[in-house]
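One structure is given below, encoded as structure tokens.
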Amino acid sequence: ECILSGIMSVNGKKVLHMDRNSYYGGESASITPLEDLYKRFNLPGTPPESMGRGRDWNVDLIPKFLMANGQLVKMLLYTEVTRYLDFKVIEGSFVYKGGKIYKVPSTEAEALASSLMGLFEKRRFRKFLVYVANFDENDPRTFEGVDPKKTTMRDVYKKFDLGQDVIDFTGHALALYRTDDYLDQPCQETINRIKLYSESLARYGKSPYLYPLYGLGELPQGFARLSAIYGGTYMLNKPIEEIVIENGKVVGVKSEGEVARCKQLICDPSYVSDRVTKVGQVIRVICILSHPIKNTNDANSCQIIIPQNQVNRKSDIYVCMISSAHNVAAQGKYIAIASTPVETADPEKEIKPALDLLEPIEQKFVSISDLFAPTDLGTESQIFISRTYDATTHFETTCDDIKDIYKRMMGSEFDFEEMKRKKNDIYGEEEQQ
């Protein structure tokens with residue numbers, strides 16, 4: 001919602017942004033001080049002395065990293081929201097195999113040294129990566145007999161004779177698929193995802209992921225600022241009494257006895273329970289640790305992916321870990337957040353393989369959230385509803401949703417270049433230098 005309010009303001013729309021919470025970012029906020037997190041999860045008492053100062057903590061409710069070459073970074077660069085944020089590279093990406101974690105090789109040298117694959121497998125994998133790097137969907141000479149729109153990914157893996165373990169980590173730790181459904185889809189999307197991973201990795205070398213200092217709550221604030229520069233108005237602590245509809249179309253929002261009139265409305269599912277449908281659940285466990293995660297070479301930050309095949313599930317389990325290095329925790333403390341879609345009646349058991357990697361855990365905060373998708377696409381009502389954040393640990397699916405809402409509202413595709421031009425018109429070239 002914050003990103004869209006920034007983009008719509010730049011597009012010359014008059015934006016009023018109301019939030020019933022006292023902080024930015026809704027369900028994806030970063031909670032500070034630590035005392036507030038204890039309150040939010042109804043834990044008795046206050047954080048122990050050993051956790052340092054409460055205000056040194058900024059704990060994300062929903063863990064996500066940014067792909068260095070991904071869509072959100074592009075949105076940040078084009079809107080110049082980057083001037084309000086500082087990022088750090090996440091130190092490593094790991095994958096779980098047979099009860100142990102291994103670093104996802106980030107260079108050719110690492111791939112050759114990795115114990116994730118045997119020697120011959122490595123050669124075949126290298127060939128596959130070279131193929132992907134050279135693949136250009138506009139140049140059939142790079143296809144080598146593969147039809148990007150017809151050949152399945154399963155057949156591409158076969159072509160390079162890759163074994164099950166390598167398929168697991170390629171599909172889940174590189175292409176970042178949550179399930180194995182992609183294997184029988186045309187391979188174009190998967191190849192593009194692996195390209196995105198490799199290109200993001202090439203930018204900084206340790207991992208393809210970035211994370212903002214002071215937590216993800218900085219992102220919505222950055223876009224709220226952008227909106228304000230363009231004349232948008234932001235109101236926190238604003239109770240929403242009613243969304244006013246006339247003849248099936250939104251005309252305003254009632255708050256504290258007054259109606260703010262509007263032609264279009266963007267909101268998350270929590271404001272319109274009658275226009276959304278439940279599509280699943282996610283369990284997230286926030287863990288406070290006093291040590292880096294074992295077998296990660298004492299990394300200050302990392303991501304761990306547990307492919308579903310390794311734990312006999314249908315979807316992957318993710319762990320994001322950050323620490324005092326990112327100004328989100330007290331000195332010497334680490335925050336690890338595990339998340340996965342719920343598949344059974346015992347979600348805590350489903351996420352156990354991830355928690356086992358984090359032991360000993362000093363304090364954990366467990367949440368199970370419903371996932372909602374809009375049943376009303378806004379064509380008639382002009383109410384545009386975002387989807388609940390999923391279990392992925394990056395923003396690509398969120399950005400797809402942003403672009404989808406933009407298209408439904410404006411009737412045209414979201415165009416980065418167009419935004420760039422609009423900004424030049426307003427600021428003029430000189431000031432941008």
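Taken residue by residue, the stretch 112-124 has at least one member that is part of a helix (DSSP H, G or I), open to solvent by less than 70 Å² (accessible area, probe 1.4 Å), touching a helix residue (DSSP H, G or I) at 6+ places or on another chain (Cβ under 7 Å) and basic (K, R).
Collect the residues in the stretch 132-154 that are out of contact with any Leu (no Cβ under 9 Å at 6 or more places or on another chain), farther than 24 Å from E108 by Cα and either among the hydrophobic types (A, V, I, L, M, F, W, C) or not in a loop (DSSP other than H, G, I, E, B) (or both), keeping them in residue-number order. Hits for the stretch 132-154 are P140, R141, V146. Annotation note: Cβ proximity below 7 Å between a residue of the stretch 250-273 that is more than 15 Å from R408 (Cβ to Cβ) and open to solvent by less than 30 Å² (accessible area, probe 1.4 Å) and a residue that is of a type outside the set (S, T, N, Q) and part of a loop (DSSP other than H, G, I, E, B) (sequence gap 6+ or interchain) occurs for G252/C262; V253/I240; V253/C262; S255/K238; S255/P239; S255/I240; S255/E241. A single member of L129, L77 is part of a helix (DSSP H, G or I), in contact (Cβ under 8 Å) with a residue 40 or more places away in the chain and surrounded by fewer than 21 Cβ atoms within 10 Å (Cβ to Cβ), and it is L129.
Which members of the stretch 404-433 meet the condition of being of a type outside the set (A, V, I, L, M, F, W, C) and either modelled with pLDDT of 95 or more or not in a helix (DSSP H, G or I) (or both)? Steps first, please.
In the first step, residues of the stretch 404-433 are kept if they are of a type outside the set (A, V, I, L, M, F, W, C); the result is 404, 406-408, 411-413, 415, 417-418, 420-425, 427-433.
Across the stretch 404-433, the qualifying residues are D404, Y406, K407, R408, G411, S412, E413, D415, G428, Q433.
Among the residues of this structure, K64 counts as one that is surrounded by 15 or more Cβ atoms within 10 Å (Cβ to Cβ), closer than 30 Å to E418 by Cβ, under 24 Å from the mean Cα position of the chain (by Cα) and of a type in the set (D, E, K, R).
Taking the conditions (1) aromatic (F, W, Y); (2) modelled with pLDDT of 90 or more; (3) open to solvent by 20 Å² or more (accessible area, probe 1.4 Å); (4) more than 30 Å from L219 (Cα to Cα) in turn, F87 satisfies each one other than (4). Restricting the stretch 2-20 to residues that are under 20 Å from D415 (Cα atoms) and modelled with pLDDT of 95 or more, the residue that is surrounded by the fewest Cβ atoms within 10 Å (Cβ to Cβ) is K14.
The values are calculated or read from the model by the stated rules, or taken from the named source; none is laboratory data. Because the structure is predicted, anything quoted here is derived from the model rather than measured. For neighbour counting, all protein chains shown are included, and Cβ atoms are generated from backbone atoms with ideal geometry for every residue, glycine included. Just so you know, the surface numbers come from the protein's heavy atoms only, side chains and all, with ligands and any DNA or RNA stripped out. Shrake-Rupley method; radii C 1.70, N 1.55, O 1.52, S 1.80 Å.
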